[in-house]
Each structure stands twice: as structure tokens, then as C-alpha cells.
1. Does Leu7 qualify as being assigned to a strand (DSSP E or B) and either at pLDDT below 95 or surrounded by 13 or more Cβ atoms within 10 Å (Cβ to Cβ) (or both)?
2. Is it the case that segment 126-137 has a residue that's among the hydrophobic types (A, V, I, L, M, F, W, C) and assigned to a loop (DSSP other than H, G, I, E, B)?
3. Would you tally the residues in segment 44-56 being at pLDDT 65 or above, in a loop (DSSP other than H, G, I, E, B) and under 19 Å from the mean Cα position of the chain (by Cα)?
4. Yes or no: Ala65 free of Cβ contacts under 8 Å to residues at least 60 places away in the same chain and over 16 Å from the mean Cα position of the chain (by Cα)?
5. Just one of (1) at positive phi; (2) touching a residue at least 24 places away in the same chain (Cβ under 8 Å); (3) not aliphatic (A, V, I, L, M) trips up Arg148, so point out which.
6. Within segment 174-183, does at least one residue satisfy the condition of being outside any helix (DSSP H, G or I) and modelled with pLDDT of 95 or more?
7. If you check Gly184, Gly95, which single one turns out to be loosely packed, with under 12 Cβ neighbours inside 10 Å, out of contact with any strand residue (DSSP E or B) (no Cβ under 7 Å at 6 or more places or on another chain) and in contact (Cβ under 8 Å) with a residue 60 or more places away in the chain?
8. Look through Ile120, Ile145 and report the one residue that is modelled with pLDDT of 95 or more and either part of a helix (DSSP H, G or I) or under 24 Å from Thr41 (Cα atoms) (or both).
Amino acid sequence: MKAKLFLISAASGTGKSSLINAVLDNLNSKNFNVELSISHTTRKKRGGSQDYYIFTSEDEFKNKASNDFFLEHALVHGNFYGTSKDFVETKIAEGINIILEIDVQGVQQIKSTNFPHESIFLLPPSIDSLTERLNERGTNSKESIELRLSNAMKEIPSCIDYDHILVNDVFEDCCNDLARIITGESSFPMNSKKELFLTKLLNL
């Protein structure tokens, strides 16, 4: 099977990062070639792991953007983030699948370029569970949680434009389904059952 670029989106608090890390561990243990994309960013370095960022100045970032260096890029909370087109193309040519954690706007950018990819949207089992997960982090203020929930209500309807839709209700099940998408064993497109679930989720 030819290597692919997988775009994964979800509202904040859905558990996207935990799922992706679990899938990477699972598939790499089975010698399936898949890696997480490394993003370029203008934000400052923080403590802890920085494995998935290449830090750059704003001037250098803008210069790269103007020279078509990025597959997609965006300004998020005052900092620029972007995905190197060459990085993705090189990895795929080497037979390595790439997972890119990305927001809805970034997916739309990539779709407009016609770069080959598969898109996956992760839904929470309910808005209440999303709120609980954001509260459990203990690092979000009330205002931050309200903003993230507001953004979630705007982003979730975009799932209908994705190739696959998964609900992160039972973590292990969702992890297995995500792994099957990446290995090409299964597909999880929108269907009538998911349309009904989406309607209930958003109280439409």
C-alpha cells in the first residue's frame, strides 16, 4: 500500500492527541511505517518535549510562506504554525505514512491544493463529555473553556466534509478504528446513523 498523508481534526477536549499517540505506538510496534508530522512555528520554546516543532522567527516563517514552502499554514493565538510540503513529500516517497494534527481551516487549505490525503474527524460522545474533559485538565480558565466549547460548536459541523468520522466514546475501540483507517483495513464515512448522532450532539 502506498504511503499517505492523514489529516486528523477534532474539537479541543475530544482526546485527539491521546488517540494519535496510542495509534502511533500500536502501529510502530507492528512495524507499520507511520510518523507524526513536524510543524514549523514562531511560538517560543517551552519546557518538556519539543520533538514535533521546528522553531523559527516570524520573518523567516513569512519568507518561507511567500516561497510556497508550506503545505498549509495559519496564525493561531498570535503565533504562526505551518507544515513543510517537502517534509511530507519526502516521507511519503520513503514509504512512511504521515499523521498531521490539524484544524478545520488547515484541512480546507490542503483540500484546495489537491494534495493527496485522507481526512479524519474525531467527535466527542457528547458536549457534556467535552466540557468534563476540558474541566479535568485543570489548566483552562472558565473563559477559556467557554471559548473552546464555542469553537467546537462551529467546527464539529465541518465533519461532514471529512472522509472518515469516528466517535471517541470508548477509547480503545476508537483507537482500533483509527488504526484500521491508517492501515487501509476499514473506512468510516458519514452515514444516516452518524447524521442522527450529529444532530443530537449539536441539538439541531
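The values are calculated or read from the model by the stated rules, or taken from the named source; none is laboratory data. Keep in mind the model is a prediction, meaning the values are calculated, not measured. Note: ideal-geometry Cβ built from the backbone for every residue, glycine included; neighbour counts use all protein chains shown.
1. Details: assigned to a strand (DSSP E or B): yes; either at pLDDT below 95 or surrounded by 13 or more Cβ atoms within 10 Å (Cβ to Cβ) (or both): yes.
So Leu7 passes the test.
2. Pass one, segment 126-137, residues among the hydrophobic types (A, V, I, L, M, F, W, C): 127, 130, 134.
Still in the list and also assigned to a loop (DSSP other than H, G, I, E, B): none.
No, the conditions are met nowhere in segment 126-137.
3. Result for segment 44-56: 1.
4. Details: free of Cβ contacts under 8 Å to residues at least 60 places away in the same chain: yes; over 16 Å from the mean Cα position of the chain (by Cα): yes.
So Ala65 passes the test.
5. Condition (1) is where Arg148 drops out.
6. First, pick out the residues of segment 174-183 that are outside any helix (DSSP H, G or I): 183.
When the remaining residues are screened for being modelled with pLDDT of 95 or more, the result is 183.
The answer is yes; a qualifying residue exists.
7. Numbers: Gly184 fails: loosely packed, with under 12 Cβ neighbours inside 10 Å.
Only one candidate qualifies: Gly95.
8. Details: Ile145 fails: modelled with pLDDT of 95 or more.
On inspection, the qualifying residue turns out to be Ile120.
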